[in-house]
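Here is the structure we will look at.
The values are calculated or read from the model by the stated rules, or taken from the named source; none is laboratory data. All values reported here derive from a predicted model rather than from experimental measurement. Don't worry about glycine lacking a Cβ; one is built from the backbone with ideal geometry, like all the others, and counts go over all protein chains shown. What goes into the accessible areas is simple: the full protein's heavy atoms, side chains included, and nothing from ligands, DNA or RNA. Shrake-Rupley method; radii C 1.70, N 1.55, O 1.52, S 1.80 Å.
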Amino acid sequence: SPCPYVTTVVRPGGIAVVTMAKEPVNSMDLAMWRGLDAALQSLEADPSVVAVVFTSGLRRDVFSAGNDLLELYAPKTSAARYAEFWVAQNAFLVRLHRSRLATVAAIRGACPAGGCAISLCSDVRIITPEGTMGLNEVQLGIPVPKFWGLLMGRVIGHKVAEGILLSGRMVGAAEAAQLGLVDDVVPAAQLMEEAMSRAAAAAKQPPAARAATKLLLREDFCKGWEAYYPTEPDFGWRFLSSPSTIKVLEGAMRRLSSNKD
Ligand code: CO8
C-alpha cells in the first residue's frame, strides 16, 4: 500500500492482517485513511483472501487515537482539506462495513473516536483488559458524526448508546463487554491468536451466503451513510471553525502533549 504506516500480510488460509503503526498513537490523517482504504480495496480484489484483522503495531497500548487533531484544527487546515479528509475516511468506513470479507478489530489499548469507528464497522471486536472504547467527540466540543453514533446504536441499542454519546464517555473493557460493544476481552499476549481464530471461524461459513447476508443487513444503512457523508463537511466545519471549538481543541492538544509550554 502507498501509506508507509499501513502494512498488509496475508497469512495461510487467506486471512489478512492489516497493521497500523504510525508512532506514537496512530493519529489518523488523510494519508492514513487513504492507506487503509487502498489496503482494503486490494484485499477485496484478491479472491484468495477471506478475512481481515485490523490491529495496531505501536509500542504503546493504543489501537488508534482517532483522527489527527491537526486535521480538525481550523487554524492549521482549511474547509477544502477538511472536506477531502472527511470524505476519504467515511468512504473507507463504509467500504469496511459492507465488505465481503470477514472483519475483526483486534484492539490493544485505547480506541477513541475514529479508532472506535473502525472497530464498529468490523464484524467482530475484541479488546485487551486495559482497553477503552468510545466516541468522545462531545468532550472535544464537536458533535458525534451522525452515522458513527447510529452505528453504535445498532451495536448496543439506541438508548444506551445515546447516554454514552451525549457525554462523550469512554467505556472500559469490562463494561464494553457487558454492553456488547465488544465481543470479548482478551489479554494482549493472546489477542492476535484469538483474532485469527475468530477470523478463521467466520471464514469457514459459505462465503457468498455470509457476504450476501451481511449486505442485506447493512446495505440500507450504508446507502444512507453514503448519501449523507458528502454533505457532512459543511456542517462539521461550522463547528470546527467556531472559536469555542478551536479553544477546546487547543486545550486537548495542550493536555495530550508532553511539550506543555
Ligand atoms: N492527534 C494528534 N496527536 C495526538 C492525538 C491525536 N488524536 N492523540 C495523541 N496525540 C499525541 C499527543 O499530543 C502526544 O504528542 P507528543 O509526543 O508530542 O507529546 C502523543 O500523541 C502521545 O499522546 P499521550 O501522551 O496522550 O499518550 P497516552 O499513551 O498517554 O494516551 C491516548 C494515548 C489515550 C490515545 C490519548 O493520546 C488520547 O486520548 N488521545 C486523544 C484521543 C481523541 O480525543 N481523539 C479524538 C479525535 S476526534 C475523531 O476521531 C472524530 C472527529 C469527528 C469530526 C467531526 C467534526 C464535526
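In the set 209, 199, 195, only one residue is exposed (fewer than 13 other Cβ atoms within 10 Å of the Cβ), out of contact with any Gly (no Cβ under 6 Å at 6 or more places or on another chain) and at pLDDT 95 or above; that residue is 209.
Of the residues making up segment 1-17, those that are without any contact (Cβ under 8 Å) to a residue 60 or more places away in the chain, surrounded by fewer than 21 Cβ atoms within 10 Å (Cβ to Cβ) and away from the ligand (no atom under 16 Å from the Cβ) are 1, 2, 3, 4, 7, 8, 9, 10, 12.
Restrict the check to segment 45-53 and report whether at least one residue is open to solvent by 30 Å² or more (accessible area, probe 1.4 Å) and among the β-branched types (Val, Ile, Thr).
Within segment 45-53, the first condition is being open to solvent by 30 Å² or more (accessible area, probe 1.4 Å), and the residues that meet it are 45-48, 50.
With among the β-branched types (Val, Ile, Thr) added as a condition, the list becomes 50.
The answer is yes, given that some residue of segment 45-53 is open to solvent by 30 Å² or more (accessible area, probe 1.4 Å) and among the β-branched types (Val, Ile, Thr).
Scanning segment 70-82 for residues that are open to solvent by 30 Å² or more (accessible area, probe 1.4 Å) and hydrophobic (A, V, I, L, M, F, W, C), we see that the one that is farthest from the ligand (Cβ to nearest atom) is 80.
Check every one of the helices (runs of 4 or more DSSP H) wholly within segment 202-261 and list those with 1 or more residues that are of a type in the set (Val, Ile, Thr).
207-228, 243-256
Considering each of 168, 141 in turn, give the residue that is within 13 Å of the ligand (Cβ to nearest atom), on the phi > 0 side of the Ramachandran plot and without any contact (Cβ under 8 Å) to a residue 60 or more places away in the chain. First the steps, then the outcome.
Details: 141 fails: without any contact (Cβ under 8 Å) to a residue 60 or more places away in the chain.
Just one listed residue meets the conditions, 168.
Restrict the check to segment 58-66 and report whether at least one residue is within 12 Å of the ligand (Cβ to nearest atom) and among the β-branched types (Val, Ile, Thr). Give the derivation first.
Within segment 58-66, the first condition is being within 12 Å of the ligand (Cβ to nearest atom), and the residues that meet it are 58-66.
With the extra rule that they be among the β-branched types (Val, Ile, Thr), the set shrinks to 62.
Scanning segment 58-66 turns up at least one residue that is within 12 Å of the ligand (Cβ to nearest atom) and among the β-branched types (Val, Ile, Thr).
Reported count of residues in segment 108-127, each being within 14 Å of the ligand (Cβ to nearest atom), open to solvent by less than 10 Å² (accessible area, probe 1.4 Å) and over 10 Å from the mean Cα position of the chain (by Cα), is 2.
Results for (1) within 16 Å of the ligand (Cβ to nearest atom); (2) farther than 24 Å from residue 66 by Cα, shown as yes or no for each residue.
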site	(1), (2)
174	no, no
179	no, no
204	no, yes
210	no, yes
218	no, no
226	no, no
245	yes, no
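Quick grid of which residues meet (1) within 17 Å of residue 174 (Cα to Cα); (2) small (Gly, Ala, Ser):
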position	(1), (2)
108	yes, no
114	no, yes
136	no, no
149	no, yes
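Looking only at segment 55-90, which residues are under 19 Å from the mean Cα position of the chain (by Cα), of a type in the set (Ser, Thr, Tyr) and over 19 Å from residue 228 (Cβ atoms)? Selection gives 55, 56, 64. Please work out which residue is farthest from residue 89 (Cα to Cα), limiting yourself to segment 158-168 and to residues that are out of contact with any Gly (no Cβ under 8 Å at 6 or more places or on another chain) and open to solvent by less than 50 Å² (accessible area, probe 1.4 Å). Checking each candidate, the answer is 163.
What number of residues within segment 235-261 are surrounded by fewer than 11 Cβ atoms within 10 Å (Cβ to Cβ) and in contact (Cβ under 8 Å) with a residue 12 or more places away in the chain? Break it down stepwise before answering.
To start, the set of residues in segment 235-261 that are surrounded by fewer than 11 Cβ atoms within 10 Å (Cβ to Cβ) comprises 243-244, 255, 257-261.
Remaining after also requiring in contact (Cβ under 8 Å) with a residue 12 or more places away in the chain: 244.
Of the residues in segment 235-261, 1 are surrounded by fewer than 11 Cβ atoms within 10 Å (Cβ to Cβ) and in contact (Cβ under 8 Å) with a residue 12 or more places away in the chain.
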